[in-house]
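Throughout, read-outs are computed from the coordinates displayed, never taken from laboratory work. Small disclaimer: the values here were computed from a predicted structure and weren't measured. Here the Cβ positions follow ideal geometry from the backbone for every residue, glycine too, while neighbour counts run over all protein chains shown.
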Amino acid sequence: METTGFPMRATFAACLMGCSLAMGAQTSIPASQFVFKSTGAQVGADYNLWGYGYIGTFVVSQRTSTVTLKVQAAGQPAFGMWPRMGIHIGKNRSEFNVVGAAFKTYTARMTVPAGTTLVRIEFLNDAYDSTTSQDRNLLLRSLTVSGSPDAAVRLVNPTNSSDLKQTVFAAADTTIENDRKQDAFITVLNPSGRPFGKGQSVHVHLARHAFNFGTAVPGVGGYWDAMWPNPYEQGVWFIFQAKILENFNLIEEENAGKWAYTEPTRWHPTMRYVDAILDFAQRHDMRVRHHNVLWGAQQPDWAVNLENSALGSDPVAASQAKTTLWDEILYRIGYVVRQRSRKFQEVDGINEASAGHQPVFLNIYGYAGIAAIYNACIEAARASGSSAHVYFNEFSVFNSNSDMYGGWYLDFIHSVLNNGVPTSNQPMLGVGVQYYNIGGIDHDPVRIYQTLANLGTLQLPISLTEFGIGGGFTSQAPQVLQDALWMMFGFPEATTFNCWGFWSQMMWVNDAAMYDANWNITPTGMIWQQMTGVKNWNLAGVPYWTTDLVLATDDLGRVNFRGFLGDYRLTSASSSGTVSLAAGVDRYRVLLK
């Protein structure tokens, strides 16, 4: 029997279908009334989306259908260019140059799935110059949606926080059903290569999700570190490694990959422990995030000395230091990215590089220099034949009290892109978001979702790279994890949820530990295992994302089902085989032997 894990979905759907008038269901809505507005301000009855970002509301459809979206918009140009507008649903975007100060209607036709889907109207090419007062803006008046009568397509724009929360979870479940799963028609072949006969029993089991569910692993290469091969059986690291294999499909170095520990002596990289982690992942068919190429902390002393000179008051010494430091950065990119990125799926480029965080490289080289570093990482990965994405990575994105949409982070990324990352390199970038609650719980799943939607305007993969809770909030950790994991798995551009450790004895902050000191699973660990499909603890209201079916072959020797994307094992009697379910592919042949 398959448990797909939507215990709350019926409740959400019932509310959206049956309480639509209370939530403002309609087929047209003024832009100024959209529930999500990441930036800008109302101007009369219209809305000025004056910076990178979006306004958003929700489309509800009774079935998968084609809808027509009409947006009334006007533009204010700058530097000879009019605003670029995106109309976005799910993973689909139509783009328009909004030309003219008079409002016009811009029309897009898109397919929407059955259920609830976010629709974003995006501003994609903001520009402002205080010297010349040139200011490009996108002015929005209204959105109208229409579709076939039997689909009952309409807009739902929640008017209170409770309805909005339900709508956000409903939208996440729609994404999970449509983007995380795939129909499959698998022809099962016996050892001689012939299709099975009708009515033969086949067990179909999801062994590994396509989505990354990961953890950071500790150590810097010391003799007693956790990830060395062949740990003493029944010793602590033997158990630690076994729990990794039980709970995760991705690992990431916590400290081992940082500059301070991989090149403490200049020109003498020591990557032995990083390679041990990579070898562990390869042996067990796991994926790897690399953390990190550069960071303004945990650097070797010689690099810090170069940085200080580059920022010093002596212009000649500063220039020389900048040149030397640049050569050292390229050398590091060579041994980290070019030599090893074929074993990475994701690479943190410059960790926490924005102003106000750890901006040493920004202070030395400016946005153009940050862009050049990302280009060098991407080109090194490409030269090695790697498809790894190179990530930005920042904290205080989901829980900054000064910005409820993470707009500062979106602006930072655009500043880097606009200063020299060519369009050919941009598809190899990724957006990393850390989510820590330390010293207080400032948590709201709606806030997570609306921020993801803002970052989603970049149309790049998004990873939650570091998750942790500290400050004595163990009792809140299960709910925070549940909400955050649901929002990430239910957002179209998201690819990864990575915990910053899982055992209470080896974590930077451990309120969200999955195991206590004696390896007893915690309530947070139960949430993790049930949601990621490791084990069903029968927790009420918690989804169980797995596919585990016993099916009978049809008269063509096929088993037919809808399951989560990922790697499967098919078993019948004493024979077995494997197959990977991929998005957009529904026909497979699997040899059991």
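Suppose we look only past 27 Å in the calculated P(r) of the range 9-179. What percent of the Cα-Cα pairs does that tail hold?
Every Cα pair in the range 9-179 considered, those over 27 Å come to 25 percent.
Taking θ = phi - 60°, what integer Hz values does the Karplus form 6.51 cos²θ - 1.76 cosθ + 1.60 yield along the range 314-324, in sequence order, with x for Gly and Pro?
So the Karplus estimates, Gly and Pro as x, are 7, x, 5, 5, 5, 5, 5, 5, 4, 5, 5 Hz.
First select every other residue whose beta carbon is under 15 angstrom from the beta carbon of A371; then total the charges, Lys and Arg +1, Asp and Glu -1.
Combined, the nearby Lys, Arg, Asp and Glu give -2.
Please name whichever of N418, V60, V304 sits farthest to the positive end of the charge dipole of the chain, dipole taken about the Cα centre and charges placed at Cβ: Lys and Arg +1, Asp and Glu -1.
Checking the options against the dipole of the chain, the answer is V60.
Evaluate the distance, in nm, between pseudo-label points positioned 7 Å from the Cα of A45 and of H203 along their respective Cα→Cβ axes.
Each label point is offset 7 Å from its Cα along the Cβ direction, giving 6.5 nm.
Among residues other than Y331 whose Cβ falls under 13 Å from its Cβ, what is the net charge (Lys/Arg +1, Asp/Glu -1)?
Neighbourhood net charge equals 0.
Sorted by packing (mean other beta-carbon atoms within 10 Å per residue), highest first, where do 500-513, 570-583 land?
Top of the packing list down: 500-513, 570-583.
Across the range 144-149, in residue order, what do the Karplus-derived ³J(HN,Hα) couplings come to in whole Hz, using 6.51 cos²θ - 1.76 cosθ + 1.60 with θ = phi - 60° and x for Gly and Pro?
Per-residue couplings from phi come out as 10, 10, 8, x, 5, x Hz.
Would you mind putting 59-66, 321-328 in packing order, based on average other-beta-carbon counts within 10 Å, highest first?
In decreasing order of mean packing, 59-66, 321-328 become 59-66, 321-328.
Provide the net charge surrounding K70, with neighbours chosen by a C-beta distance below 11 Å and charges set as Lys +1, Arg +1, Asp -1, Glu -1.
Charge balance in the 11 Å sphere: +3.
Specify the inter-centroid distance of the range 105-176 and the range 181-230, based on alpha-carbon positions, in whole Å.
Result: 37 Å between the Cα centres.
Using the Karplus curve 6.51 cos²θ - 1.76 cosθ + 1.60 with θ = phi - 60°, work out ³J(HN,Hα) for each residue of the range 165-182 in order, rounded to whole Hz, and write x for Gly and Pro.
Going residue by residue, I get 4, 4, 5, 4, 5, 4, 5, 4, 5, 4, 4, 4, 5, 9, 9, 9, 10, 8 Hz, with x marking Gly and Pro.
Once both labels are modelled 7 Å past Cα along the beta-carbon direction, what's the V316-Q339 spacing in nm?
A separation of 3.6 nm, rounded to one decimal place.
Just rank V168, V550, V559, fewest to most, by other beta-carbon atoms within 10 angstrom.
Exposure proxy ranking, most exposed first: V550, V559, V168.
What is the range 525-593's relative contact order, in percent, from Cα pairs under 8 angstrom and six or more apart in sequence?
About 18 percent, as a whole number.
For a protection proxy built on the mean count of beta-carbon atoms within 10 angstrom, sort 537-547, 110-120 highest first, please.
The packing order, highest mean first, is 110-120, 537-547.
Could you tell me which label, among (1) 66, 25, 23; (2) 49, 35, 19; (3) 37, 37, 22, carries the value of semi-axes √(5λ) of the Cα gyration tensor in Å calculated for this structure?
Working out semi-axes √(5λ) of the Cα gyration tensor in Å from the coordinates points to (3).
Out of all DSSP beta bridges with both ends in the chain, state the antiparallel percent to the nearest 5.
Antiparallel bridges: around 65 percent, rounded to the nearest 5.
Contact order normalised by length for the chain, with contacts defined as Cα pairs under 8 Å and 6 or more residues apart; what percent is it?
Relative CO of the chain lands at 18 percent.
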